[in-house]
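Colleague: Before I ask anything, here is the structure I am working with.
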Amino acid sequence: MRVHVTDLKPGDLLINDVYNSSGLHMLVKGSTLSEDDIAKLLQHGIDYADVEHTPSDSHSNEQTLRSDQTRLLTNLFEDTIKGTETLFKQALEKGFIDETQVDHILINLTSQLEKQKDVVSLLLMMDGDNEYTYTHSLQVGMLAFYIAGWMGYNPEECLTVAKAGYLHDIGKSKIPPEMLHKPGKLTPEEFEEMKKHTLYGYEIIMESTQDELLATVALQHHEREDGSGYPYGLKRDEIHPYSRITAVADVYSAMTTNRVYQTKQELISVLCELYSLSFGQLNGEVTQELIKHMLPNFIGKRVLLTTGQTGLIVMNNSADYFRPLVQTSSAFIDLAKERDVAIVEIYVQ
C-alpha cells in the first residue's frame with residue numbers, strides 16, 4: 001500500500017526500499033518503521049512509502065518486543081560462543097569436531113538471522129569481552145550468511161556458506177595460545193607457524209565431515225585475488241566463490257573487533273578500507289555487496305564524534321558514502337566536508 005509519510009505509523013512494515021530524490025538509499029525493505037524513521041523521511045522530503053499497516057496497538061508493544069528480541073539474540077550469541085569454545089577444545093584434544101553440534105549451532109543461528117535486517121546492530125550487540133577467536137568465528141559465519149543471501153544464493157547454499165565461514169578458523173585450535181594471543185608483532189618464524197592454521201583447518205574439517213567444500217574455505221580464506229595471500233598464492237578464479245565471501249567477512253570482522261594486539265576500528269571507516277582492498281586483494285563483487293547492504297543500516301544510529309559531540313547519522317553522503325551527514329543537538333555536520341571531524345564510535349540502539 002502506497003502511503004503518504006504523514007499517514008505512516010510506527011510499526012508499519014516497509015515493503016519496498018526507500019530512496020530520496022538524489023537516489024540515496026534511506027531505508028531498507030523489510031524494516032519496521034519507528035518514529036525516528038518517519039521523521040527521517042519527512043526531513044528528506046520523501047512524500048510516499050510502500051508499507052503494510054500493522055494493528056494500531058503495535059506501537060505500544062514495540063519497545064517490549066524489541067527488548068525481548070534483543071534478549072533472545074544476546075542469549076543466542078552467548079550460547080553460540082560457548083558452543084564454539086567447546087568445538088575448538090574438541091579439535092585440539094581429538095583432532096576432529098562434532099558436525100552434529102556444528103549443524104545445531106548454525107541452524108539455531110541462521111533461523112534468527114533470517115528475521116533480522118539490521119546487520120550493524122547485530123555486530124554491535126556482539127561487541128563484548130568474549131574470547132576474540134570464538135566471537136570472530138560467529139561474526140564471520142553471520143556475515144558470510146548475509147553476503148551469500150545478498151548475492152542471490154539459495155537458502156541451502158547460504159547455510160553452507162555460513163557453516164564454512166563459521167569454521168574458517170578452526171585450525172587455530174592447533175596454534176599455541178601464547179602465539180595466538182601475543183600482544184606484539186609475530187616474528188617471521190611465528191607468522192609462518194600462524195599461517196599453518198589454514199592447513200590445520202582443512203585437515204580437521206576433512207577428518208570431521210569429509211566435506212571438501214567446507215575444508216577448502218578454511219584452506220583458502222587468506223588467499224587474495226592478486227596472488228598475495230597464503231598458503232598457496234592463488235589468484236582470482238583459482239579461489240572458490242565461498243572462500244571469497246569468507247575472506248571479505250573475515251577481514252571486516254577482524255578490523256572491527258578488539259584483539260590483544262589491535263584496537264578495533266570504527267565500522268564505517270572499515271568499509272572504506274575494504275573498498276580500497278577490493279581493487280586488488282579482495283573480490284570486488286563480494287565487497288560491493290557488503291558495502292551496499294551495510295551502509296543503509298547506519299542511518300539512524302547514534303554516534304560519537306572526535307569533537308566529543310554525539311549525534312545521529314541522518315543520511316549517506318553522495319560526495320563520500322563513508323562520511324555521512326550527522327545531526328547533533330545544535331547542527332548538521334557533513335563529514336564529507338568537515339574532513340577534520342570523524343566518527344569515533346557507533347552505539348547500539
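Colleague: For region 248-349, state the average projected area of the convex hull of the C-alpha atoms over all orientations, rounded to one decimal in nm².
Modeller: 7.0
Colleague: In square angstrom, rounded to the nearest 10, how much accessible surface does Arg244 have for a 1.4 Å probe?
Modeller: The accessible area comes out at roughly 40 Å².
Colleague: Compute the FRET efficiency between Glu156 and Ser330 as 1/(1 + (r/R0)^6), taking r as their Cβ-Cβ distance and R0 = 41 Å, and round to the nearest 0.05.
Modeller: 0.20
Colleague: Which whole DSSP H helices in the chain pass both tests: a Cα extent of 20 Å or more along the axis and a mean Kyte-Doolittle value no lower than -0.5?
Modeller: TM-like helix candidates: 99-113, 132-150, 241-255.
Colleague: If you take the square roots of the eigenvalues of the alpha-carbon gyration tensor of region 81-158 and sort them as a ≥ b ≥ c, do you get rounded (a/c under 1.5), prolate (a/b over b/c) or oblate?
Modeller: It comes out oblate by the Cα gyration axes.
Colleague: Between Asp211 and Lys82, how high is the FRET efficiency from 1/(1 + (r/R0)^6) when r is the Cβ-Cβ distance and R₀ = 25 Å? Nearest 0.05.
Modeller: That gives a FRET efficiency of 0.55.
Colleague: Rounded to a whole number, what is D in µm²/s for region 304-349 from Stokes-Einstein with the Kirkwood radius over alpha-carbon pairs (10 °C, 1.306 mPa s)?
Modeller: Approximately 151 µm²/s, per Stokes-Einstein.
Colleague: Can you give me the convex hull volume of the Cα atoms of region 117-253, divided per residue and expressed in Å³?
Modeller: 118
Colleague: Under a Cβ-only charge scheme (Lys and Arg +1, Asp and Glu -1), can you give me the dipole magnitude of the chain about the Cα centre, in debye to the nearest 20?
Modeller: 600
Colleague: First measure r as the distance between the Cβ atoms of Thr70 and Lys195, then evaluate 1/(1 + (r/R0)^6) with R0 = 45 Å and state the FRET efficiency to the nearest 0.05.
Modeller: Efficiency, from the Cβ-Cβ distance: 0.70.
Colleague: Would you mind telling me which residue in Ser243, Ser329, Ser34 has the biggest mean-square fluctuation in a Gaussian network model of the chain, where springs connect alpha carbons within a distance under 10 angstrom?
Modeller: Ser329
Colleague: Modelled label-to-label distance, Lys182 and Leu13, 7 Å Cα→beta-carbon offset: nm?
Modeller: 5.3
Colleague: Sticking with this structure for a sec: Could you state, as a whole-number percent, how many of the C-alpha pairs of region 1-54 are farther apart than 13 Å?
Modeller: So the pairs more than 13 Å apart make up 50 percent of the total in region 1-54.
Colleague: On a 23 Å Cα-Cα criterion, which of the cross-link pairs Lys82/Lys195; Lys82/Lys292; Lys40/Lys117; Lys195/Lys235; Lys89/Lys264 come out too long?
Modeller: Beyond 23 Å: Lys82/Lys195; Lys82/Lys292; Lys89/Lys264.
Colleague: Would you work out which of Ala218, Leu167, Gly11 lies farthest towards the positive end of the dipole of the chain, given +1 charges on the beta-carbon of Lys and Arg and -1 on that of Asp and Glu, about the Cα centre?
Modeller: The listed residue farthest towards the positive side: Gly11.
Colleague: How large is the convex hull of the Cα atoms of region 160-200 per residue, expressed in Å³ as a whole number?
Modeller: Enclosed volume per residue, from the Cα hull, is 76 Å³.
Colleague: Please give the length that would be gained between Phe279 and Val344 if that part of the chain were fully extended, namely 0.36 nm times their separation in residues minus their C-alpha to C-alpha distance (nm, one decimal).
Modeller: Going from the current span to full extension adds 20.8 nm.
Colleague: Between Tyr48 and Glu114, what is the spin-label point distance in nm, taking each point 7 Å from the Cα along the Cα→C-beta axis?
Modeller: For the pair Tyr48/Glu114, the computed spacing is 3.3 nm.
Colleague: Specify the residue with the greatest mean-square fluctuation among Pro177, Pro296, Pro155, computed from a Gaussian network of the chain linking alpha-carbon atoms under 10 Å apart.
Modeller: For the chain, modelled as a Gaussian network with Cα springs under 10 Å, the answer is Pro177.
Colleague: For region 81-124, what Kirkwood radius comes out of the mean inverse Cα-Cα distance, in Å?
Modeller: About 11.9 Å, per the Kirkwood formula over Cα pairs.
The values are calculated or read from the model by the stated rules, or taken from the named source; none is laboratory data. Being a predicted model, the structure only gives us computed values, none of them experimental. Cβ sites come from the backbone with ideal geometry, for glycine too, and all protein chains shown count toward neighbours. Calculation scope for accessible area: heavy atoms of the full protein, side chains included, ligands and nucleic acids excluded. Shrake-Rupley method; radii C 1.70, N 1.55, O 1.52, S 1.80 Å.
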